[in-house]
Amino acid sequence: MAHHGEILQEAVKNSGISISRLVQELGITRPTIYRKFKETTLDYTFVKRVGELIQHDFTNDFDTPVQSQLHFTPAAVTPVAPVRSSVLHSVDQDCTKALMALQAKYIALLEAHNELLLKLYGPK
């Protein structure tokens, strides 16, 4: 099974873009890109940047889902003050929306996990 660096190297090779042009666009040196090709895991932002330059989507190329793709945003904490029931109803709706968004992200994470298990162990 190929690691991240090997997958990146293969995609760059298949893109037809020269290493010289790629390193120039990335603002790194040739030895740096060759070191990246040897790394087993790579930073998602680096892979995404290379993908943009060579016009390749790495979403399905890696075995593990990249957690930085899941944009979890912490809920803002507001001070509690006495409120009327109409305001409470509005707050309940906001909480429900936030909970539904979190549920959708959780389901997406579970699906990615299941895909990973299928890749690793295959169907039964």
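The values are calculated or read from the model by the stated rules, or taken from the named source; none is laboratory data. These numbers come from a predicted model, not from an experiment. Here the Cβ positions follow ideal geometry from the backbone for every residue, glycine too, while neighbour counts run over all protein chains shown.
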Filtered residue count, the range 1-16, keeping only those that are over 22 Å from the mean Cα position of the chain (by Cα) and either modelled with pLDDT under 90 or of a type in the set (G, A, S) (or both): 1
Residues (in contact (Cβ under 8 Å) with a residue 40 or more places away in the chain and either part of a helix (DSSP H, G or I) or surrounded by 15 or more Cβ atoms within 10 Å (Cβ to Cβ) (or both)) located in the range 15-56: S15, V47, V50, G51, I54, H56
Positions within the range 41-56 being modelled with pLDDT under 90 and touching a helix residue (DSSP H, G or I) at 6+ places or on another chain (Cβ under 6 Å), in sequence order: T41, L42, Y44, H56
Any hit, the range 25-35, residues being closer than 30 Å to G122 by Cα and hydroxyl-bearing (S, T, Y): no
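Among P79, P31, which is over 28 Å from L117 (Cβ atoms) and either touching a Pro at 6+ places or on another chain (Cβ under 6 Å) or at pLDDT 85 or above (or both)?
Matching residue, one of P79, P31: P31.
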